[in-house]
Amino acid sequence: MNEKAINAVATSIRSLSMDAIQKANSGHPGTPLGAAEAAAVLYGEILKHNPADSKWADRDRFVLSAGHGSMLLYSILHLSGYKVTLDDIKSFRQVGSVCCGHPEYGITDGVECTAGPLGQGVSMAVGMAVAEQMLAARFNTAAHKIVDHYTYSLVGEGCLEEGVSSEACSFAGTHKLGKLIVFYDMNKISIDGSTDITFDEDIAKRYEAYGWQVLRGDMYKPAGIVKLVEKAKKCKDKPSLIILKSIIGFSSPKQGTADTHGAPLGADGIKHAKKVLGIPEDKEFYVVPEAYEYFAAKKTEFQAAQDKWNAEFDAWSKENPELRKLWDDFHSDNATKDIEEIAFADTDKMATRDASGKALNYMAQKYGNLVGGSADLAGPNKTVLKDCDGTFSPVNPKGRTIEYGIREFAMSAICSGIYLHGGLRPFCATFLVFADYLRPQLRIAALMKLPNIYVLTHDSIYVGEDGPTHQPVETLASLRAIPNVQILRPADAQETLEAWKMAYESKDHPVCIALTRQALQGFAKADSNWKENIRKNGGYVALDCEGTPDITVLATGSEVSTAIEAAGIASGKKIRVVSIIDYNKFDDADCAVQKELTGGAARVVCAEAGISANWKHYATSKDDLFCINRFGESGPAAKVAEHLGFTAAKLAELLNK
C-alpha cells in the first residue's frame, strides 16, 4: 500500500470538504475532517469497485450511514473517479447540485442509498448483505461465483444511538451476515457535546452480544485499517464492527469538540487547518497532485477487477443458460414461472388478509424474486410463503421467507437495502397500527422511489378485542400524507388480488396494502372496466342505480360492502356506491373524472372506518361524513361497531335523512 498516496487522498478529502462547506455556509465538517483516512483507504485499497461503472452487479457496497458527513463521500467519489466533478463539489448544498445536503440515491453517481436520518443507512446496509447472501445461494455454482462481494458502512455515535440500528444489527448478528463490515468512527462527540452525557455503554460488548466480531484500531493508521478488514473477512459467520478511534474535526482549531460537528470552520479556522495539513492556504478546493495520480493509476486495476468478473459471468452464463435466464428475469421483474392466475368469485366472503395470503402465494410462485416476511406476525398477516425454499437463515440462505422479528423499523430498512442491492423484490408485513413504527423508513423509501411492498393487516376498529391501542383510526390518513406512497385499501377478495398486482407493477414508489381482519362479502361490480379504472382513477362504480343518483357513497375497504348493504336498506333513494381503493389517485384525478364517478348526485356521503380528514372536501356536509373521529374500544368487533354507531343500519339511517 502506498501510504504517502493514501495520506494525500485523506488530505484532499479534508481540503475539499472544508472549502465546500465554507462556500455553502452550511454543512458538517466534523466527519470528513475526522474520518478522511477511512474513506481514502476504503476506496483506494479495500473496495472491489469500478468508478467507471457504478452499477457493476458484483461491486462491494459502501453506505455512509453518518450521512450528515456527506462531503466525505462526495470528496472520495470525486477523487476516485466517479461522476462527481469539482464543479459539483463547489455547488455543495445548492439547488440542482448532485452534492446534496445528505447523500441521495438516484442523484449522485456512486451513492448506494439515501442516508442522513441516523441509523437508517447501516440498517439498509444489513438488507444489502441479506440480498448478497440470497442471490449467492441461488446463482453461484461450484465452478463460478458470480455473487461474491461485501457490504461496508460507516457509522458514528448518532447512528448507534438510534434504535433502528440496534434492531437491524441484532438481526444481522442473528443471521450471521459475515459479509457485512461496519466502521465505527468513534470520536465521542455529538451536537450537544461529549456523548458521555447520554451514551456511555460499552459498544463493543453490546455488539458482541448481538453476535458480531468486534475489532479495534486507529483511524489515522491506514495500513492498520487494511489489516483489520482482512481479519474481518476471515470471520465467515459474524458481521464485523471495526471501532476506529478518531478526532472529530481533525486539524481544525477546535478539533475534538462539538463546535466542529455541524458548522463551517470559518475563514480563520480553514486557514489554521490548511496550515496544519501543509497545503496552500490561499488555494480553495485544493487537491494534492498525488491523490489524482494515485487514482489515475488505479483505473486499470479497477477495470481489471470488473473484466475478470465479466469473464466469469460469461463463462457461467454459457454453462448455465437456465440460471442466466433466471438472473435476467430476477433483475427485470419478469415472471419466472408460467402459472395460472388465481381467481376469486364476486360472491366470496373472506377477510381481505386471507385473500391477500392467497394472492401473495400466487405472486411468489409467479415471480421467483419476490422475498419477504413479517414482523413476527406471519400467521395474523397471512404472509406465510408456501413452497418457496423455506425460511432465510444461515443454514438456508436460499429461503425466501424472512423472519424479521419484532423490528418494524429495521424491517422496512432491510427491505429497502434488499431492493437497492438489485435482483430481488421485497415485501414486509405488520399490523396497520404499527406502521407508525416503520413510518420514518417508509418516508425514505418513498424519497428513493423504491417499490417496496407493505402488507398492513387489522386495518380498523374491527380488530375488536385488542382495543384502541391496536385499532388504527388515524393511520390511513397519516400514510396518505407521505408523498410518493401508494395506499391501497381493497374492498373484497377480487380487489385484493388486483392490489397485489398493482403493487408488483410499481417501479418507482412504495405500495401499502391495508387489509381487514374480519370477513367481507364480495360483490358484483357495476363497472365492467373496474380493474382498469382503479389503476387510472383510484376507484370505480361498485353499485349503481338507474338515472342520476340521489346519493353517492364514496367508500373504501370494508365500508364498500357496508355501503352496499346500507343502500339495500335505505328506502326510496337512488344510491350509487363508489369503491375508492386508492384515495390519493382519486384525489389527484381531474374534477371531470370525480364528477363522473359521483354521477352528478346532489348529495355525497363518505364512508371510511377512520378519521374524516381526507374526506371533508368531498362530503356534501359534515353530517355526511360516516367516519370515526375518536379512538376505538375494547370488545368483540361487532359490539364495538355497534357501540360506535358504525354499522350498515346506522349508515342507512344517514342515507335516509
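Can you sort Thr85, Thr552 by solvent-accessible area, 1.4 Å probe, largest first?
If we order Thr85, Thr552 from most to least accessible, we get Thr85, Thr552.
Of all the accessible heavy-atom surface of the range 383-432, with the other protein chains kept in place and a 1.4 Å probe, what percent is carbon and sulfur? That fraction is 53 percent.
Taking the charge dipole of the range 489-643 about its Cα centre, with +1 at Lys and Arg Cβ atoms and -1 at Asp and Glu Cβ atoms, the residue from Val593, Gln518, Pro636 reaching farthest to the positive side is Pro636. Note on His470: accessible area approximately 50 square angstrom, rounded to 10, probe 1.4 Å, nucleic acids and ligands left out. Once all protein chains are placed together, Lys507 keeps about 110 Å² accessible to a 1.4 angstrom probe. Peptide packing for 442-449, 339-346 was compared via the average number of neighbouring C-beta atoms within 10 Å per residue; ordered from the highest value, the list is 442-449, 339-346.
Of Trp500, Trp327, the order by accessible heavy-atom surface (1.4 Å probe, DNA, RNA and ligands excluded), from most exposed downward, is Trp327, Trp500.
Which percent of the accessible heavy-atom area of the range 507-632 goes to carbon and sulfur, probe 1.4 angstrom?
C and S atoms contribute 48 percent here.
Computed from label points 7 Å out along Cα-Cβ, the spacing between Ser317 and Asn140 is 2.1 nm. A crude spin-label estimate for the pair Asp466 and Lys507, with each label 7 Å from Cα along the Cβ direction, gives 3.6 nm.
As I understand it, the dipole of the chain uses +1 on the Cβ of Lys and Arg and -1 on the Cβ of Asp and Glu, about the Cα centre. Which of Ile203, Gln213, Ala136 lies farthest toward its positive end? Selected residue: Gln213. In this Cβ point-charge picture (+1 for Lys and Arg, -1 for Asp and Glu), the range 290-370 has a dipole of about 180 debye about its Cα centre.
Would you mind getting me the FRET efficiency between Asp53 and Glu474? Use the beta-carbon distance for r and R0 = 45 Å, nearest 0.05.
After rounding to 0.05, the efficiency reads 0.45.
Under the 0.36 nm per residue contour assumption, what length would be gained going from the current alpha-carbon distance of Asn629 and Thr336 to full extension?
Numbers: separation 293, 0.36 × 293 = 105.48 nm, distance 4.57 nm.
Between Asn629 and Thr336, full extension yields an extra 100.9 nm.
If you roll a 1.4 Å probe over the heavy atoms of the protein chains, what accessible area per residue do you get for the range 448-492, in Å²?
Using a 1.4 Å probe on heavy atoms only, each residue of the range 448-492 averages 23 Å².
Per residue, the range 549-656 exposes 42 Å² of solvent-accessible protein surface, assessed with a 1.4 angstrom probe and all protein chains in place. Summary of packing: across the peptides 559-569, 196-206, 599-609, the per-residue average of other C-beta atoms within 10 Å ranks them, highest first, as 559-569, 599-609, 196-206.
To one decimal place, what Kirkwood hydrodynamic radius in Å is obtained for the range 573-624 from all pairs of distinct Cα atoms? List each step's numbers first, then the result.
Values: mean 1/r = 0.0848 Å⁻¹.
Mean inverse Cα-Cα distance, inverted, gives 11.8 Å.
In the chain, taking the dipole from charged Cβ atoms about the Cα centre, the farthest positive-side position among Phe344, Tyr419, Trp615 is held by Tyr419.
Thr85 label point, 7 Å along Cα→Cβ, cut-off 20 Å on backbone N: hits in the range 286-329? Answer for the range 286-329: 286-288, 292-293, 296.
With the cut-off at 1.5 for a/c, could you classify the range 540-596 from its C-alpha gyration tensor as rounded, prolate or oblate?
Because a/c hits 1.5 or more and a/b fails to exceed b/c, the range 540-596 counts as oblate.
Here the label points at Asp282 and Ala304, each 7 Å from Cα along the C-beta direction, are separated by 4.3 nm in the simple model.
In plain terms, the chain from Glu596 to Met1 could stretch by 207.1 nm, reckoned as 0.36 nm per residue minus the Cα-Cα distance.
Computed over protein heavy atoms with a 1.4 Å probe, the accessible surface of the range 87-147 works out to 31 Å² per residue.
Across the range 114-157, the residues whose backbone nitrogen lies under 13 Å from the label position 7 Å along the beta-carbon direction of Lys398 are 134-142.
The Kirkwood hydrodynamic radius of the range 194-299, based on inverse pair distances between different Cα atoms, is 17.1 Å. Once amide H atoms are placed 1.01 Å from N in the peptide plane, what residues at a sequence separation of 5 or more from Gly119, or on another chain, have their amide H within under 5 Å of its amide H? Placed amide hydrogens put Cys159 under 5 Å from Gly119.
Charge dipole (Cα centre; +1 on Lys/Arg Cβ, -1 on Asp/Glu Cβ; no other charges) of the chain amounts to roughly 760 debye.
For the range 51-74 and the range 202-251, write down the distance between their C-alpha centroids in whole Å. A separation of 19 Å, based on Cα centres. Dividing the convex hull volume of the alpha-carbon atoms in the chain by its residue count gives 158 Å³ per residue.
Along the Cα-to-Cβ line of Asn529, 7 Å from the Cα, sits a label point; which residues in the range 560-593 have backbone N less than 17 Å from it? Hits in the range 560-593 for Asn529 at 17 Å: 579, 586, 589-593.
Look at where the Cα atoms of the range 588-649 and of the range 110-128 average out, and the two centres are 39 Å apart.
The values are calculated or read from the model by the stated rules, or taken from the named source; none is laboratory data. Everything numeric in this text was worked out from a predicted model, so none of it was measured. Using ideal geometry, Cβ is built from the backbone for each residue, glycine included, and neighbour counts are taken over all protein chains shown. For accessibility, only protein heavy atoms count, side chains too; no ligands or nucleic acids. Shrake-Rupley method; radii C 1.70, N 1.55, O 1.52, S 1.80 Å.
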